[in-house]
Amino acid sequence: MRVIRYVEDSRVVLAAVTDDNAVHPLPFTEFMDVVREAKRHQLSTFRYIQTLISGKRGIEKEVAELNLLVPVVAPEVWASGVTYEKSREARNYETSEKTTGQETCYDRVYHAERPEIFFKSTAARTIGPNAPIYLRSDSNWQIPEPEVGLVITREGEIVGYTIGNDMSCRDIEGENPLYLPQAKIWKHSCAIGPAIRLAETVEDPYNLQMTCRIYRNDQLVVEESANTRQLKRRYDELVSFLIRDNEVFDGTVLLTGTCIVPPNQFTLQEGDRIEIEIPEIGVLSNPVQSLAQQA
Ligand code: DO4
Ligand code: MG
């Protein structure tokens, strides 16, 4: 079962999407309200939603016809880094920090007990399906980072999985790792969606196939796939470092690191379209626009 949010007649609707793709509006507008209400009834979110929709017919429309929003208004989005070998290789390629024969900070963090966890986004900077990703004006090497996103409670319980795009400027981070916040955080540099797959309905979160496709002038120019079985860490391990001595909020999203990096010569351009697909969750699709054009 998945949960989506959409706008209809200027109203926000939260809905459950069953495995046969029927859309059932719920009497809430925020995902975390359902999670809290389920707990109050001492039911899992999945069971609670089942009681709400049982015996009802879904709406006539299909998900593809709806004007989708972020599935959860995440107060904060955090991200994990260098959790896949692919990311370590890419960082080692772009960094100016490498000295022959020496380990880079990326090599060290890949093996260290403490993972890299960084602040990525706030609700105001985070966009949902079909909204434009913006390109920074001071970078010539920008890529999407397709990642599994964990939707967590303030206690660190993983209640759902979504798709995230941790947009990154490889030249800015490559020049100096201390520039990471500028390489990662700007207006519309984070997309999540299109749905939240309830955690209890995912058979094996370490076996999710992910595909990223980038279209330019309607031609497919990048297509890469990977699987979460290549993740070096456990999801709970990443969450435990995020919440340690920290205050996190209900509905926080923790991105779990990228396993897909486009070819090194590739950079996004205005007019491109990015699609990230995890079949259990859906397809997160966003057009790419230049931030300079928005001013
Ligand atoms: O080390 C910098 C960021 C790494 C990252 O975002 C990733 O591995 O996905
Ligand atoms: Mg990333």
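The values are calculated or read from the model by the stated rules, or taken from the named source; none is laboratory data. Everything numeric in this text was worked out from a predicted model, so none of it was measured. Because the Cβ atoms are built from the backbone with ideal geometry, glycine has one as well, and the counts that use them run over all protein chains shown. For the accessible areas, the whole protein counts, side chains as well, though only heavy atoms, and no ligand, DNA or RNA atoms are used. Shrake-Rupley method; radii C 1.70, N 1.55, O 1.52, S 1.80 Å.
Our summary gives the chain a relative contact order of 23 percent, counting only alpha carbon pairs under 8 angstrom and 6 or more residues apart. Lysine pairs in the chain with alpha-carbon atoms under 29 Å apart, 8 or more places apart or on different chains: how many are there? So the count works out to 14.
The simple Förster model, with R0 at 51 Å and r as the Cβ-Cβ distance, assigns residue 175 and residue 10 a FRET efficiency of 0.70. With all protein chains kept in place, the per residue accessible area of the range 76-294 amounts to 42 square angstrom at a probe of 1.4 angstrom. Multiplying the sequence separation of residue 19 and residue 206 by 0.36 nm and subtracting their Cα-Cα distance, what value in nm do you get? Using 0.36 nm per residue and subtracting the Cα-Cα distance, I get 65.3 nm.
Projecting the Cα positions of 12, 100, 141 onto the charge dipole of the chain (unit charges on Cβ atoms of Lys, Arg, Asp and Glu, taken about the Cα centre) puts 12 furthest along the positive direction. Using alpha carbons only, the radius of gyration of the chain set against its Kirkwood radius gives Rg/Rh = 0.97.
Ordered from highest to lowest accessible area with the whole protein assembly present and a 1.4 Å probe, 203, 155 read as 203, 155.
Entry for the range 31-100 at q = 0.12, 0.17, 0.23 Å⁻¹: log10 I(q)/I(0) = -0.66, -0.87, -1.09, Debye formula applied to identical alpha-carbon scatterers, no solvent contribution. Relative protection proxy for 187-199, 243-255, from highest mean packing down: 187-199, 243-255 (other beta-carbon atoms within 10 angstrom). Here the accessible area is traced with a 1.4 Å probe on the protein chains. For the range 11-144, carbon and sulfur cover 47 percent of it. Based on the Stokes-Einstein relation at 25 °C and a viscosity of 0.890 mPa s, and on the Kirkwood radius from alpha carbon pairs, the range 64-155 is assigned a translational diffusion coefficient of 153 µm²/s.
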